[in-house]
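Just below is one structure, and these are the notes that go with it.
Bear in mind that the values in this text are calculations on the coordinates, not laboratory data. Please read these numbers as outputs of a predicted model, since none were measured by experiment. Cβ placement follows ideal geometry from the backbone for every residue including glycine, while neighbour counts extend to all protein chains displayed.
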Amino acid sequence: MIKISLSSLMLLLGILAYPQDEETWMAFKNENSQLIGFQDSKGQIKIEPRFMGLTSAIKFEDIIAVMEENERGYETYYLTKTGKKVGKDSLFIYDNSADCESEGFIRFRDKKTDKVGLFNKDGHIVVPAAYDWLSRAQNGFVWGLMGAEKKCLDSHTEMGCEHYSWEGGEEFLMTTENKITIVGFKHSRRLDMYSMAIEDEPTVATTKKSFKGLNGKYYTFLDFEKHFDDWMKNKLIPQLRVRRAPYFMCDSITSWSRSSGWVTEPRKEFGSKHFKKLKNRLLQITKKGTDYFITINGLNPFIYDLTSFEKYFTNCGEARIERYPVLTLVINDSPDGGKGQDHFDFLKTGNGYRLIGISLQNATE
């Protein structure tokens, strides 16, 4: 006879009651109101519409922040795929938006201490609320700040401090299991966390930066700006030929002009029209005295369709700038004395940098 203990039976029943659904659910709104629910790819409703306000997820993978009405007005909490509610009234909110899952983790804020921690996809606390700030999970790591002073950036603070910065404190790089790896890690969107290499010696490459870990090893990361600048000068520009244009362009290019506004064209059509002008302007950065700089931004969801560029956005429709930034080359003025700026947007893809948008004020044929 097979014997099953009471604890094993309870565990089995728990698994059966809350099966793990691996499929991503999509948000939808009901016909009579703006309440949000979730359904699978076949249109089967998984959660009837009942969420509102701070519910920003358009895709539900493992854990999301939600807001719904109740008899006292409304409540906020985190909801897992199994229906578990955690972190009631503890949403991490910045710039009027709730946090979004990243790599199966989501931040929360302890309303009593105002400190930040991290839930995993099952709603378990993996990083306690002991930090002034935490980044989203990136390649299995998070950046933490402790002992800093909050400085409000808003001129009117009657409703609270919506925008703020931090001064001082100690910075850390830690794993999503709360194991501190590097002390004094300066967080920056310039560093490519997904390029991390663990080495015995610090890097000598000018396009990378190394930090010494507590284990004596060196953690090395690409510097997006320096790497992109090096790529333009040593790979892109030396190979600027019409036949090679597809290798540095996205499938479609969006351009802006005063006369036409925003126009999106297939790569081939764009290249045949604008390649000469594009090449002449890019060649300027190799000439002494050219005034140019590089900025890092995220892909603009108001210009680039969320469906076509799905992998480049989070489950809440925000640009995944930490993994797929847009490196913008900005060239000031033109060789003929014209004033203004020309912008060249290159999206970091799985196949390297690809031109995705331009805005030309000065370039001539």
### Task
Would you please name the GluC sites (Glu not before Pro) within region 68-113 that are DSSP coil residues with at most 13 other C-beta atoms within 10 Å of their C-beta?
Glu71
### Summary
Amide H proximity to Thr203 below 5 Å, modelled H, separation 5+ or other chain, gives Ser210
### Helical mean residue ellipticity (222 nm; -39500 (n - 2.57) per DSSP H run of 4+; nearest 500) of the chain
-3000 deg cm²/dmol
### Among Leu327, Leu153, Leu236: highest mean-square fluctuation, GNM of the chain, C-alpha pairs under 10 Å
Leu153
### Task
Run the quick spin-label model on Gln34 and Lys46: label points 7 Å from Cα toward the beta carbon, then report their separation in nm to one decimal.
2.5 nm
### Task
Mind listing the lone cysteines of the chain, meaning no other Cys beta-carbon sits under 4.7 Å from theirs?
Cys250
### Query
Which of the pairs Lys81/Lys311; Lys42/Lys112; Lys29/Lys311; Lys85/Lys208; Lys85/Lys115; Lys111/Lys186 have their Cα atoms more than 31 Å apart in this structure?
Lys42/Lys112; Lys85/Lys208
### Task
For region 225-359, count the residues as N, evaluate 2.2 N^0.38 Å, and divide the Cα radius of gyration by that value, please.
1.03
### Query
Spin-label point model (7 Å from Cα, Cβ direction): what's the Tyr94 to Asn215 distance in nm?
2.7 nm
### Task
Would you please give the FRET efficiency between His343 and Glu71, computed as 1/(1 + (r/R0)^6) with r the Cβ-Cβ distance and R0 = 45 Å, to the nearest 0.05?
0.30
### Query
Within a Cβ distance under 12 Å of Gly168, other residues only, what is the Lys/Arg minus Asp/Glu net charge?
-3
### Query
The list (i) 24.2, 92; (ii) 37.5, 119; (iii) 22.4, 85 gives values of Rg and Dmax of the Cα atoms in Å, and only one came from this structure; which label was calculated from it?
(i)
### Task
Give me the angle, in degrees from 0 to 90, between the Cα long axis of helix 267-282 and the longest principal axis of the Cα atoms of the chain, rounded to the nearest 10.
60 degrees
### Summary
Within the set Leu306, Leu214, Leu173, GNM on the chain using Cα springs under 10 Å gives the largest fluctuation to Leu214
### Message
Eigenvalues of the Cα gyration tensor times 5, then square-rooted: what semi-axes does that give for region 36-177, in whole angstrom, largest first?
### Response
27, 19, 12
### Query
How would you classify region 263-334 from its alpha-carbon gyration tensor, with a ≥ b ≥ c the square roots of the eigenvalues: rounded for a/c under 1.5, else prolate if a/b is greater than b/c, otherwise oblate?
oblate
### Distance in nm between pseudo-label sites at Ala148 and Lys226 (7 Å out along the Cβ direction from Cα)
2.3 nm
### Exceeding the 20 Å Cα-Cα cut-off - candidates Lys59/Lys121; Lys179/Lys212; Lys121/Lys217; Lys235/Lys348; Lys233/Lys276
Lys121/Lys217
#### Entry: Helix axis angle, 6-17 relative to the chain longest principal axis, alpha carbon, degrees
50 degrees
### Query
Given the Cα-Cα distance of His187 and Val204 and 0.36 nm per residue of separation, how much length would full extension add, in nm?
4.1 nm
### Query
Does a label point 7 Å from the Cα of Ser195, set along Cα-to-beta-carbon, have any residues of region 272-297 with amide nitrogen under 16 Å, and which are they?
294-297
### Summary
quick note, the chain, DSSP beta bridge pairs, % antiparallel (nearest 5) is 95 percent
#### Entry: P(r) tail fraction, region 199-244 - alpha-carbon pairs more than 18 Å apart, %
45 percent
